[in-house]
Amino acid sequence: MMTKSFSLLALAATLALPAAAQQDPKAGKILDAMSAKYQALNAFGANFTQTLENPSAKVKQNMSGDIVVSGKKFHLKMNGQEVINDGKTTWTYLKNENEVNIADADADSQDMSPSQIYTMYKKGYKYAYVQQAQDGGEAVDVIELTPENRTNEVIKVRLKVRKKDQTVKSWQMFKKNGNQYTFNIKNFRPNPPLTPSTFAFDKAEHKGVKVVDLR
């Protein structure tokens, strides 16, 4: 369940590859505006839905979640699980087991953070403008990212950016194994209120929790 539930983290990890290439300037302008918008915020939150499909295997799974991000910090809730990262420590809480795993946040793996999803296009991907389209009554710019490293398990990522405010509406990731992940962003919240427990696990709020310290 962990692998399926947190494919959002896996997405960020698979897109983190160092390289540089000649890029589509129209797509680059849109991506840069989108990235600048998110990086200018002190924090942001959003609800999202994730759909995993594999047509050949006749698989279709739907999940939903909520995320709050501030710089390198994030708090992700999905499928009865929570991942909290304060930049130094990562807590993974499993609600059904009332168990929390604690680990050091790996500074060399920060590209796995959901906070990197709006800048990872700058590393290891060619990007190209596809078209303007209507999605759910909204005008969006469709941009396709293609990995420069042919060994990458990701074939391509299709990103939809709202024209009205440069926020991400959705993205699709296509993998070599036939899996297709679709992420739809809903209820985007710029600069939501933060508390001391937003990016730290509060043991007092989880009576009887089993603590597994992996540090």
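The values are calculated or read from the model by the stated rules, or taken from the named source; none is laboratory data. Predicted, not measured: the structure shown is a model, and the values here were computed from it. Backbone-built Cβ (ideal geometry, glycine too); neighbour counts: all protein chains shown. In case anyone asks, the SASA skips ligands and DNA or RNA and just uses the protein heavy atoms, side chains included. Shrake-Rupley method; radii C 1.70, N 1.55, O 1.52, S 1.80 Å.
Quick notes on this structure:
- FRET efficiency for Leu41 and Gln131, using Cβ-Cβ distance with R0 set to 25 Å, rounded to 0.05: 0.35
- Only protein atoms count toward the accessible area here, which uses a 1.4 Å probe; on region 50-202, the carbon and sulfur part of that area reaches 46 percent.
- Listed by chain and number, the aspartates and glutamates whose alpha-carbon sits under 15 Å from that of Lys186, ignoring those within fewer than 8 places in the same chain, are Asp66, Asp135, Glu138, Asp165.
- Segment Lys186-Lys60, length gained on full extension (0.36 nm per residue, minus Cα span): 43.3 nm
- Computed over region 36-88, the Cα gyration tensor eigenvalues convert (square root of 5λ each) into semi-axes of 28, 14, 9 Å, ordered from largest to smallest.
- Within region 102-215, all pairs of alpha-carbon atoms sorted by distance into 5 Å bins from zero give the percentages 2, 9, 14, 18, 15, 14, 12, 9, 6, 2, 0.
- Top positive-direction residue, dipole computed over region 100-213 with Cβ charges, set Met173, Gln131, Pro147: Gln131
- Aspartates and glutamates whose Cα lies under 15 Å from that of Lys210, excluding same-chain neighbours fewer than 8 positions away: Glu82, Glu97, Glu99, Asp202
- Relative intensity of region 153-215 on a log10 scale, I(q)/I(0) at q = 0.14, 0.15, 0.19, 0.26 Å⁻¹, equals -0.77, -0.81, -0.85, -1.06, per a Debye sum over C-alpha point scatterers of equal strength in the absence of solvent.
- Label positions at Lys88 and Ala200, each projected 7 Å from the Cα along the C-beta direction, are separated by 0.9 nm.
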